[in-house]
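Take a look at the structure set out below.
The values are calculated or read from the model by the stated rules, or taken from the named source; none is laboratory data. Everything numeric in this text was worked out from a predicted model, so none of it was measured. Cβ sites come from the backbone with ideal geometry, for glycine too, and all protein chains shown count toward neighbours.
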Amino acid sequence: MQVEALAQLRVLEVEANKLANHQVWEQLDDAAPNHPENFQQALEHLLPDLSERSEIEVDLLSQMVLACGDVSLVPFVRLSRDALKAAREALKQGCTAVGDIPAVVTALDQTRLAHLGCSIQTLIDNPHINSADEAEATFWQQDQWRHRLQELPNGCVLVIGFAPSVLMAVCAEMRSQQLKPALVIGLPIGFSTPQRLSGGCSAVAFLLSRLKALKGAAS
């Protein structure tokens, strides 16, 4: 009798827990409409004063913060005056978008680029690269990738997200007139001196971020 009674109590306990959990979730579901997710309103409280930035720059910075979840990157982002204009014109003309490694290319909005008639290329076309260190080593140890950099079409948009050395090589090629991109987007992990690009290649539009090394991140 005691065994049966204990078994019945355990069954009742399980059913009571299920009922309680169900009621809790119902209450949460009912309350959800009262607390809608308003990312824009939340960003207004998180972002620093951007009153001196244009509306389109504020929107760009907001999207970057939403994408990576790091508000602290905002003060480190540098845009040339014509960066957004150059990007718009190049994309409308069906430019080639070039990422430094496959992981960066995968992150591009390939559907939208295809709709605009833009082709996509990967500079260091090695699917086994998973870190900034690997990207750096591959770029310097294999000449083919540096030669490929020189062969990129004029008016392309370069997106560099992993290899600081690629960005520095881009600077050198632009100074020697071997490379003429429409826009350079440089946010490589571990890169901390964008002034080398903005100061030495001021004729080329750029968007840079002085991001510190983030182990395991691919932003």
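Here the helices (runs of 4 or more DSSP H) wholly within region 61-158 that include at least 3 residues being surrounded by 16 or more Cβ atoms within 10 Å (Cβ to Cβ) are 83-92, 102-107, 132-141, 143-150.
Taking first residues from region 81-98 that are outside the structural domain of L60 (by TED's automatic domain parsing) and partners that are at pLDDT 90 or above and of a type in the set (S, T, N, Q), the Cβ contacts under 7 Å between residues at least 6 apart in sequence or on separate chains come to T96/S119; T96/Q121; V98/Q121.
Of all residues in region 160-181, which are crowded, with 23+ Cβ neighbours inside 10 Å and in contact with a Leu (Cβ under 9 Å, 6 or more places away or on another chain)? Answer for region 160-181, where residues must be crowded, with 23+ Cβ neighbours inside 10 Å and in contact with a Leu (Cβ under 9 Å, 6 or more places away or on another chain): I160, G161, A163, V166, L167, V170, L179, P181.
Cβ-Cβ distances below 6 Å connect the following pairs, each with a first residue in region 119-132 that is in the same structural domain as Q144 (by TED's automatic domain parsing) and over 19 Å from L152 (Cβ atoms), a second residue that is part of a loop (DSSP other than H, G, I, E, B) and among the small types (G, A, S), and a separation of six or more residues or different chains: A132/G190.
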